[in-house]
1. Against the longest principal axis of the chain, how steep is helix 108-122, in degrees 0 to 90 to the nearest 10, with axes from Cα atoms?
2. With angles folded into 0 to 90 degrees, how steeply does helix 557-574 sit against the dominant principal axis of the chain? Use alpha carbons for both and round to 10.
3. List the residues, sorted by chain then number, that are 5 or more residues from Ser420 or on another chain and whose placed amide H is less than 5 Å from its amide H.
4. Work out the FRET efficiency for Arg138 and Asn580 from their Cβ-Cβ distance, taking R0 = 60 Å, and round it to the nearest 0.05.
5. Could you rank the peptides 59-68, 163-172 by their average count of other C-beta atoms within 10 Å per residue, with the highest value first?
6. Using alpha-carbon pairs under 8 Å, 6+ residues apart, how would you state the relative contact order of the chain in percent?
7. Is there a quick way to get the dipole size of the chain? I mean about its Cα centre, with the Cβ of Lys and Arg at +1 and of Asp and Glu at -1; what is the value in debye to the nearest 20?
8. So how far apart, in nm, are the two label points at Lys733 and Asp289 if each is 7 Å from Cα heading toward Cβ?
Amino acid sequence: MSTPKQYNHGAQASQSKGRRQGDSLKLSKYITAPYNFVPLSKQIYIPEWGKEVSHDIPFEKGVSGELHYRLIAATPILVGGHQTKPANDRPGEVKPFQLSDNCYAIPGSSLKGMLRSVLEIAGFGRMSQVDEVRPGLRDISSADTVYVQRVFGKVKTGFLKRKHDGTHEIVPCSMNRLEHRDLEKALDIPQPIFSHTKKTVKDKYERWLKLCGEKKKDPNKISFEPGDRDATRLFAGSCQGVPVFTGQISDSTGFKGKHRDFVFFEQKCDQAIAVSSQAWRDFLRIHGDEGDKQDMPWPGYWKAKYRAGNSIPIFYIQDKELLRIGLAYMPKLAGDFSTHDMIRHADPANLQEPGAEFGYDLADLLFGAINGENPSDALRGRVSCDMAIAENAPKTNPQPPTILNSPKPSYFPNYITQQSNPINWCLKEKQYATYIKNDQSKTPTLRGFKRYPARAPDDVKVQQLTPDQEGNTKVQVRLHTLPANTVFKGRLVFHNLKPVELGALLWVLTWGGNQALRHGLGMGKSFGFGQVRAELCAKDSRIMPNDPDEAEYSPDDECQAKFMQQFRDEMCNAVPGWENSARISNLMAMANPAMADKWAGKIGKPLGHMRLEKKFNEFQTAKQDKLVLADYATAVGVTDVKDFRPLQGRPLADPTAMSESSTVGMATGPKAERLAVEETVEHWTNVGLTWIKGSRTLKAIIPNKGLTQASQAKAHALIDMLPPEQKARLEKKGELNGVNVSVTIKGNAITLDKLIWPTPG
């Protein structure tokens, strides 16, 4: 049996600021998480041959065939099949996917998703597989957060109502506070009126209904006298209002406990505010409309009442064109920016629809693409994944009950790019970048592609339940995993691929031939489950040239290496410094189990979830200490600290605008919007040209300006402007000096418009 690893918590830990006196618990002075991010880049690679892809017209040097492989699980693995929901007396169950003959298998869709996610990163493709949401923010970790600045003194109250036409409106109203001690005195009951063990909105209204029944009071209204802050003369005043209760987050009799609720009165029907469809969608998503969490106010209590035709008390903030609606006095705010806005800030090309106008990235070309705006631009994939079947009838192993935490993109220290110090991974700025604009962060960006770093087998286990969670089986699940060393046999079928595309497929499948690296597959990746590697079965595989006069390839190691080298060459030509880029460094580091120990040595504890308990909230203390999730490759020493550069966002006048200089290997189409910046035309003499035949890229050194380039059809059109002799020299030798050029300069983007060969005299 292996000895558990020991980490020097004493050397790596510090007390969090603002923690209660006497708390002996210590935290690592860094944030840890079971996930990390491959950063976005300002370059998107669009292969120039994308418009030529066809299932019917073969590439001259194209290949077709099939790759047989063995997928070997380095850790327990679970690709979910049959599931049962949790109940009051038992946790939920998830068992592996099985075929009708009871053989365990991995569906082709799961394998395709695994491979595509790697190719999107390695091929510098678009970050397009992201739902557009506007995450909510409620951050009271300190008095100077952008949330507190937006909320303080600006919260208004009203009633949310459904109109006859199905739309929604808010009727504003006045508000006073209901002091719990005054309620207890008026009802002649002992403290506390609301127990902190019964803390949901539903619990509090049920308690209120019971008390009003016992005391013969109307639960839907209360008489009082308005005060400067608190309502007075409860049940005896001249004014009538509606009692409003929000969640009981603490004991009302304790130090700093919550001991006030609300009374809403004086509705102002003539000042009704229309609720836009966007504001309504934000409200529903932030308040858990899609889930069934009965402890949340909307699904647990208010949703049913609203659907029954009742108006419900809400808190709102009117912030210019944005209307933000909440169910608490410190409501969650829908962000100024959506997830798509944050991606656009890095590079609008990420969100361009694949198709004739903007081209296809490598992942699109191999695995297919859908264009929501123009269905005719959809592309059928030329690689299909068969189901992978488990060998030797492995036995399942039920894991201890656990909770499947779902990381939330609203946790901005991890999910949003922060300007941080790579020595201690603390925030450089006064405030975090969030989904809400502030003076330090006007164009924030997402961290990038989320990945679950591989780890050593002895660090793989489910998250242990806390004492608070042990008795609540409704949130628990038991995963039935297949054991480590389970082997699956599968097949990839490919049709009419260019050699460089086959090289990309082989590189992604085998990590460029590095057997030490791991893919992540299935459920429980945050616990370390589902780490797999692929071995190609050369004797069963076939690689057949499209040209019938050429001999079939022997798919041995040497042949595979040649195809993969073509992929490497293509990427290095298109993206200078590709192999050492932050994108590839992070991708490869997170696939390497050996890096997990280096992470633990730096961070002070292994990869894993942050702790959230009644008396100990690691998420909150991390924000109070201004901590940021470390860049994985930098933390484990794959890249030098001095090379760490978090991606800065760029303001866009038009959210659909696209930066011409940001997209590699692609000439912008006539419909493409331009950034709203000044445009100038300049003429330069004695310019050197470089023609890179493999990527069809024309590069030029513009005096005192630097490097610019053009690709695909635009590059060919420019070269055609040269006299035949100079054109032939450029295409043969790859270089031509002494050319005059005309360029358009727009912001930081330089576009080649014209090549002029000087005439004598």
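The values are calculated or read from the model by the stated rules, or taken from the named source; none is laboratory data. Computed from a predicted structure; not experimentally measured. Note that we place each Cβ from the backbone using ideal geometry, even for glycine, and neighbour counts take in every protein chain shown. Surface accessibility is based on the protein's heavy atoms, side chains included, excluding ligands, DNA and RNA. Shrake-Rupley method; radii C 1.70, N 1.55, O 1.52, S 1.80 Å.
1. Tilt relative to the chain: about 70 degrees.
2. 70
3. Lys428
4. Details: r = 40 Å, r/R0 = 0.67.
Given R0 = 60 Å and the Cβ-Cβ separation, E is 0.90.
5. Details: 59-68: 18.1, 163-172: 13.4.
Per-residue mean Cβ counts within 10 Å order the peptides as 59-68, 163-172.
6. Numbers: 1583 pairs, mean separation 174.0, N = 761.
This gives 23 percent for the chain.
7. Numbers: 103 positive and 86 negative charges, 622 e Å.
Rounded to the nearest 20 debye, it is 2980 debye.
8. 6.7
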